[in-house]
Amino acid sequence: MKFLIIGSGAREHAIAKALHRSPQAPTLFCCGATNNPGIETLTSAYWTGDICAVDDIVAKAREWAIDIAIIGPEAPLEKGLADALWTHGIATVGPKKKLAQIETSKAFTRNLLKKYHAKGGLEYRVFHDTVGVRDYLEHLGSNQYVIKVNGLMGGKGVSVGGEHLNTFHEAYQHCQALHEQGHTFVIEEKLVGQEFTLMCFCDGIRLVPMPIVQDHKRAFVMDEGPNTGGMGSYSNANHRLPFLSDSDIETAHQINQAIITALIAEYGEPYVGILYGSFMATKKGVQLIEFNARFGDPEALNVLAILESDFAAICQAMVGGTLHPDLVRFANLATVCKYAVPEGYPNQPAKNILIDINEIENPEQLYLGAVNESGGELYATGSRTVAVVGIAPTIIDAEIIAEKEITRVSGPLFHRKDIGTRELINRRILQMQELRQKDYRLL
């Protein structure tokens with residue numbers, strides 16, 4: 001069995017490691033944007049180039065006689081890579097272009113869920129220009145809005161009232177700038193609560209859930225600073241989070257299933273791959289923030305690190321339409337993932353800086369992200385660079401492991417020391433306790 005991994009970040013490194021553990025001993029290949037040595041050591045052949053160059057990727061897949069391709073990042077999905085691979089008889093984990101609109105178009109997703117009366121909806125309006133923007137912002141209320149670019153922005157296309165934008169005038173100017181840059185955008189009501197991620201394997205009809213994860217988007221400790229692609233994440237040993245109820249989890253499952261049902265009704269084609277639902281637990285219950293059409297990064301690192309069953313078999317079941325819960329088993333362990341990123345990230349990151357990972361004690365839980373190897377040296381290329389995952393019976397113990405390991409990475413990098421700590425998680429539990437006036441057990 002030959003697998004092709006498209007992408008060369010930490011998420012794809014985690015995918016490669018999970019496939020490498022398969023008892024089927026599949027042969028791995030990679031098409032990446034950079035030379036990631038962590039992935040390369042696990043592959044039989046490694047091509048570097050533009051991973052959105054659909055014809056080039058298909059040509060390599062045919063040359064290597066690939067059986068199953070796994071598309072890691074979102075950009076190749078938007079370009080229709082899954083469509084092209086299926087056309088040439090190569091089964092693909094990753095939805096076709098029109099189905100991937102659940103990530104590539106915020107407006108498409110909101111409109112689709114509204115059309116099919118799905119749970120988790122909220123008040124929103126799609127804008128193609130600035131006509132009516134001021135009135136709608138004032139309708140939602142001072143700092144009660146979120147502005148989202150209607151397209152792929154690498155996790156950095158969201159601006160929140162009261163955090164990134166502090167007045168109606170600032171918000172209007174931001175919308176004006178988006179319009180001048182050629183973007184359409186969505187303005188939504190602001191949600192207050194705690195975010196969480198529920199990812200599922202999907203064969204087009206059936207969904208099998210993964211452990212619930214909480215990501216940390218802000219660059220600096222205590223959730224300060226600009227949004228990033230994600231500075232780290234944690235999961236609990238019971239595969240849920242301390243501030244979530246059974247009802248919250250069930251609602252998130254229902255919303256994930258609703259989008260799959262809606263896509264089938266709309267297009268009559270199966271959504272094959274990973275469905276990532278991003279949710280907010282609020283005073284009123286669970287509401288949808290957005291969908292992604294692939295594994296999250298860093299969330300993939302948390303869940304794949306504790307996947308006990310055969311990932312190759314899960315992929316075979318997804319593309320074959322035979323997915324079943326019995327195929328999927330995760331260890332009852334907690335995980336904490338922390339990313340080291342270049343100084344200046346995300347707005348003005350240092351680039352092509354030399355780093356050293358040789359002091360890491362557990363390389364099995366080290367994941368290389370935005371790196372490039374040249375002349376036997378490892379360089380950070382300007383985005384999230386290296387991630388580690390701590391695994392233990394409790395979140396607190398997993399955090400201690402992750403913190404110890406990430407500090408062993410040398411170079412002009414920084415990381416969030418607070419991810420997975422008792423202090424930060426208890427802050428979030430207390431916030432939900434205050435919102436819902438319900439007691440939650442502190443860590």
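The values are calculated or read from the model by the stated rules, or taken from the named source; none is laboratory data. Being a predicted model, the structure only gives us computed values, none of them experimental. Every residue, glycine among them, receives a Cβ derived from its backbone with ideal geometry; neighbour counts consider all protein chains shown. Remember, those area values only see protein heavy atoms, side chains included, never the ligands or the DNA or RNA. Shrake-Rupley method; radii C 1.70, N 1.55, O 1.52, S 1.80 Å.
Quick notes on this structure:
- Of the residues making up segment 390-403, those that are open to solvent by 20 Å² or more (accessible area, probe 1.4 Å), over 22 Å from residue 229 (Cβ atoms) and touching a residue at least 24 places away in the same chain (Cβ under 8 Å) are 391, 393, 394, 396, 397, 401.
- Within segment 146-191, tally of residues that are open to solvent by less than 40 Å² (accessible area, probe 1.4 Å) and of a type in the set (Lys, Arg): 1
- Condition broken by residue 134, with the remaining ones in (1) open to solvent by 50 Å² or more (accessible area, probe 1.4 Å); (2) among the charged types (D, E, K, R); (3) within 28 Å of residue 261 (Cβ to Cβ) satisfied: (3)
- The residues in segment 192-202 that are open to solvent by 10 Å² or more (accessible area, probe 1.4 Å) and within 20 Å of residue 326 (Cβ to Cβ) can be counted, and the count is 0.
- Scope segment 17-36; condition surrounded by fewer than 18 Cβ atoms within 10 Å (Cβ to Cβ) and either aliphatic (A, V, I, L, M) or in a helix (DSSP H, G or I) (or both); matching residues: 20, 25
- Flag not set for residue 360, criterion: closer than 19 Å to residue 39 by Cα, aliphatic (A, V, I, L, M) and not in a loop (DSSP other than H, G, I, E, B).
- Each residue in segment 306-353 was checked for being among the charged types (D, E, K, R), outside any strand (DSSP E or B) and touching a residue at least 40 places away in the same chain (Cβ under 8 Å), and 2 pass.
- Residue within segment 86-104 that is out of contact with any Gly (no Cβ under 7 Å at 6 or more places or on another chain), of a type in the set (Gly, Ala, Ser) and without any contact (Cβ under 8 Å) to a residue 12 or more places away in the chain present: yes
- Residue in segment 263-286 that is among the basic types (Lys, Arg), open to solvent by less than 40 Å² (accessible area, probe 1.4 Å) and not in a helix (DSSP H, G or I) present: no
- Residue among 70, 57, 66 that is part of a loop (DSSP other than H, G, I, E, B), among the aliphatic types (A, V, I, L, M) and either open to solvent by less than 20 Å² (accessible area, probe 1.4 Å) or within 20 Å of residue 369 (Cα to Cα) (or both): 66
- Unmet criterion (only one of (1) of a type outside the set (Asp, Glu); (2) under 28 Å from residue 59 (Cβ atoms); (3) in a loop (DSSP other than H, G, I, E, B)) for residue 143: (2)
- Qualifying residue in segment 104-121 (condition: of a type in the set (A, V, I, L, M, F, W, C), under 17 Å from residue 74 (Cα atoms) and modelled with pLDDT of 95 or more): no
- Counted residues, segment 215-244 - those being among the polar types (S, T, N, Q), buried (at least 22 other Cβ atoms within 10 Å of the Cβ) and touching a Lys or Arg at 6+ places or on another chain (Cβ under 8 Å): 1
- Sole exception among (1) loosely packed, with under 13 Cβ neighbours inside 10 Å; (2) within 20 Å of residue 397 (Cβ to Cβ); (3) among the hydrophobic types (A, V, I, L, M, F, W, C) for residue 334, by number: (1)
- Among the residues of segment 360-389, those that are of a type in the set (A, V, I, L, M) and either under 25 Å from residue 420 (Cβ atoms) or surrounded by fewer than 18 Cβ atoms within 10 Å (Cβ to Cβ) (or both) comprise 360, 366, 368, 370, 371, 380, 386, 387, 388, 389.
- Index of the failed condition, residue 211 passing every other in (1) touching a residue at least 24 places away in the same chain (Cβ under 8 Å); (2) open to solvent by 10 Å² or more (accessible area, probe 1.4 Å); (3) touching a strand residue (DSSP E or B) at 6+ places or on another chain (Cβ under 7 Å): (2)
- Unique match (being open to solvent by 30 Å² or more (accessible area, probe 1.4 Å), β-branched (Val, Ile, Thr) and within 25 Å of the chain's Cα centre (by Cα)) among 406, 425, 357: 357
- Applying the criterion of being touching a helix residue (DSSP H, G or I) at 6+ places or on another chain (Cβ under 8 Å) and open to solvent by 50 Å² or more (accessible area, probe 1.4 Å) to the residues of segment 76-86, the residue that is farthest from residue 101 (Cα to Cα) is 79.
- Residue in segment 85-94 that is assigned to a loop (DSSP other than H, G, I, E, B), modelled with pLDDT of 95 or more, touching a Ser or Thr at 6+ places or on another chain (Cβ under 6 Å) and not aromatic (Phe, Trp, Tyr) present: no
- Residue under evaluation residue 46, criteria (1) open to solvent by 20 Å² or more (accessible area, probe 1.4 Å); (2) in contact (Cβ under 8 Å) with a residue 60 or more places away in the chain; (3) of a type in the set (Phe, Trp, Tyr), criterion not met: (2)
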